[in-house]
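Participant: Please see the structure below; I have some questions.
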Amino acid sequence: MKPLSGIRVADFTWVWAGPFCTLQLAHLGAEVIRVESSLRPCVTRLLPPWPNGEPGVNRSGYFNQYNQGKLSLALDLKHPEGIAVAKDLVRVSDVVCENFAFGVMDRLGLGYDALRSVRPDIIMISMSGYGATGPEREYVSYGPAQVPLSGLSSLTGYRGSPPMHVGISYGDPTAGLHAAVATLAALWHREQTGEGQWIDLSQWETTICMIPEAIMEYAWHGTQPERNGNRDPWMVPHGIFRCAGEQRWVAVVARDDAEWQRLARAIGRNDLAEDPELATLSGRRQAVERIEQAIEEWALQRTPMEVTQVLQAAGVPAFPCYDSRNLAEDEHLREEGFFVELEHPEVGRKLHLGIPWRMSGTPCSVTRPAPLLGEHTEFVLRNVLGYDDERIQNLLASGALR
């Protein structure tokens, strides 16, 4: 039995943030029923990568990663009968999750007040970009914009360079994980009190929560942390260094004076190890370019793994900068059982990321691949909602099941 066995989630989410939340709930054993429509497929169904370069709404690796273990109910929420079915689904669900812009669910007739009249103890989480209050609540938000808005870009880049993006849409996964935790807390509260509730989550605020030290520096001192590339104010050296081969890199850090001594000797630079000016952090700060040049000259003659093995044997933190192939082929990750390969009706057996935790008392596993669009519509209508053949046929004829 999994931790959330018996819990049903009516999933109205799309793109990344919302589906990442409900993915965690599915991993924990909840029955997640994703409500979607062929009239406006989820953006991620239309994004690569696609197997063999052949696109299709059921073939996106992006969608198939973040929707493992879920069911798909095709429903047109602009159709009155579609809304009626959605309310019936909520009536037999424990949680409703959505990440539309503020006000969308209310305009559909599926806001919290409407849904708790259907099920008084329902838990609903809304994951809008900016929350349900404040002057910017009606703005539409996307993950890439959350990076500069949160302040992350102001901290990312090299000394003297402009702010830079961090490479991924941090606002999406951080919001999804915060939402999953909030949902679990609400389920616990309902278990204790019988009360449901509405959770108003701001994706912007969840991303800001990633940089508290920068906010505190301004709050306490009125100063903005300077962009400093891969360097760290309290550890020298601290960076990424080129190795032998094309675009091969290794991360190396000396956390204190003793590690610096071991690092210098490991790369054959006893002269640096014995230099009194480099014996302290303040001294190494002043000579950081010279230190980095020495490490890179040494690393360029070796592969990232060779550098790693030499430095780790000396007690110095080091590890290759992995790319996707390195991760997919990593022996440790495979032995841990992190990757899953389930048979998908259209794309076959492909490697996906699995569950990054293991519970001794309530083991979790990915039990099914991501659904085809509308794959479980009849199952949900018949087995979850209890509709008979006539009701289902009438819905099909009305065009509500699209």
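Participant: How many residues are over 20 Å from Ala180 (Cα atoms) and not β-branched (Val, Ile, Thr) when one looks only at the range 90-112?
Facilitator: Total meeting the criteria: 7.
Conditions tested, residue by residue: (1) modelled with pLDDT of 95 or more; (2) aliphatic (A, V, I, L, M); (3) more than 22 Å from the chain's Cα centre (by Cα); (4) in a loop (DSSP other than H, G, I, E, B).
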position	(1), (2), (3), (4)
Pro356	yes, no, no, yes
Pro369	yes, no, no, yes
Leu381	yes, yes, yes, no
Gly386	yes, no, yes, yes
Gln393	yes, no, yes, no
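Participant: Cβ-Cβ distance below 8 Å, separation of 6 or more or different chains: which pairs start in the range 234-254 with a residue that is in contact (Cβ under 8 Å) with a residue 40 or more places away in the chain and part of a strand (DSSP E or B) and end on one that is surrounded by fewer than 21 Cβ atoms within 10 Å (Cβ to Cβ) and of a type in the set (Phe, Trp, Tyr)?
Facilitator: Ile240/Trp249; Phe241/Trp249; Arg242/Trp249; Val250/Phe319; Ala251/Phe319
Participant: For Tyr387, which of the numbered conditions (1) surrounded by 12 or more Cβ atoms within 10 Å (Cβ to Cβ); (2) closer than 30 Å to Arg242 by Cα fails to hold?
Facilitator: (2)
Participant: Can you name the residue in the range 318-350 that is touching a residue at least 60 places away in the same chain (Cβ under 8 Å) and of a type in the set (A, V, I, L, M, F, W, C) and, of all such residues, is farthest from Glu259 (Cα to Cα)?
Facilitator: Once the filter is applied, the top-ranked residue is Val347.
Participant: Based on what the data block shows, is Ser161 out of contact with any strand residue (DSSP E or B) (no Cβ under 6 Å at 6 or more places or on another chain), among the polar types (S, T, N, Q) and not in a loop (DSSP other than H, G, I, E, B)? Quick ask: steps written out before the conclusion?
Facilitator: Details: out of contact with any strand residue (DSSP E or B) (no Cβ under 6 Å at 6 or more places or on another chain): yes; among the polar types (S, T, N, Q): yes; not in a loop (DSSP other than H, G, I, E, B): no.
Against the criterion (out of contact with any strand residue (DSSP E or B) (no Cβ under 6 Å at 6 or more places or on another chain), among the polar types (S, T, N, Q) and not in a loop (DSSP other than H, G, I, E, B)), Ser161 does not qualify.
Participant: Given the conditions (1) assigned by TED's automatic domain parsing to the domain that holds Ser93; (2) loosely packed, with under 14 Cβ neighbours inside 10 Å; (3) of a type in the set (S, T, N, Q), which single one is not true for Thr377?
Facilitator: (2)
Participant: Let me ask you something else. Looking for whichever is of a type in the set (D, E, K, R), at negative phi and not in a loop (DSSP other than H, G, I, E, B) here; the options are Glu343, Glu375. Which one fits? It would help to see each step written out before you state the result.
Facilitator: Working: Glu375 fails: not in a loop (DSSP other than H, G, I, E, B).
Going through Glu343, Glu375 in turn, the sole match is Glu343.
Participant: Out of Val166, Val236, I need the residue that is surrounded by 13 or more Cβ atoms within 10 Å (Cβ to Cβ) and over 26 Å from the mean Cα position of the chain (by Cα). Which one? Give the derivation first.
Facilitator: Working: Val166 fails: over 26 Å from the mean Cα position of the chain (by Cα).
Within the list Val166, Val236, the selection yields Val236.
The values are calculated or read from the model by the stated rules, or taken from the named source; none is laboratory data. Remember, predicted model here, so these are calculated numbers, not experimental data. Glycine gets a Cβ as well: all are built from the backbone with ideal geometry, and neighbour counts include every protein chain shown.
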